[in-house]
Amino acid sequence: MECIEKVKEAWYNKLSDLCNLIKVMQTEENGMIKNNIEVDVKVKCIESGMTQAQLAEKIKTTSPYVNRIIKKQDGVVNKTFVQMLEALGYDIELTYVKRED
């Protein structure tokens, strides 16, 4: 069991590094939204030990729908919303705060 935990931790660290790199690249590239929500959802699933299929079941939808939302070309955040805030001179930053259960 300890071996599995070490593997999970290694994967989490690699994904966190990748997520941070993607965020930096995305911010430098377009400056519009400073989060990569799609990667963040995947990382949060790994942190929670939950698959996308389990996530879909928990929110009472299908696994293909969750996957489609995550892989959506324009991303999770509405493109028009991002463009409006950019035109107003704002970047968007999302903060994730773990709830106390």
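The values are calculated or read from the model by the stated rules, or taken from the named source; none is laboratory data. Computed from a predicted model, the values in this text were never measured in an experiment. Positions of Cβ are backbone-derived with ideal geometry, glycine not excepted, and every protein chain shown enters the neighbour counts. All accessible areas refer to the heavy atoms of the entire protein, side chains included, with ligands and DNA or RNA removed. Shrake-Rupley method; radii C 1.70, N 1.55, O 1.52, S 1.80 Å.
Residues in the stretch 82-98 that are of a type in the set (A, V, I, L, M), more than 18 Å from E38 (Cα to Cα) and surrounded by 10 or more Cβ atoms within 10 Å (Cβ to Cβ): M84, L85. When each of V77, V82 is tested for being assigned to a loop (DSSP other than H, G, I, E, B) and aliphatic (A, V, I, L, M), the lone residue that passes is V77. Of all residues in the stretch 35-49, which are open to solvent by 50 Å² or more (accessible area, probe 1.4 Å) and either touching a residue at least 60 places away in the same chain (Cβ under 8 Å) or of a type in the set (A, V, I, L, M) (or both)? Residue satisfying the conditions is I46 alone. Within the stretch 51-72, the set of residues being outside any helix (DSSP H, G or I) and within 14 Å of the chain's Cα centre (by Cα) comprises T51, K72.
Restricting to the stretch 50-82, name every residue that is of a type in the set (V, I, T) and touching a residue at least 40 places away in the same chain (Cβ under 8 Å).
V77, V82
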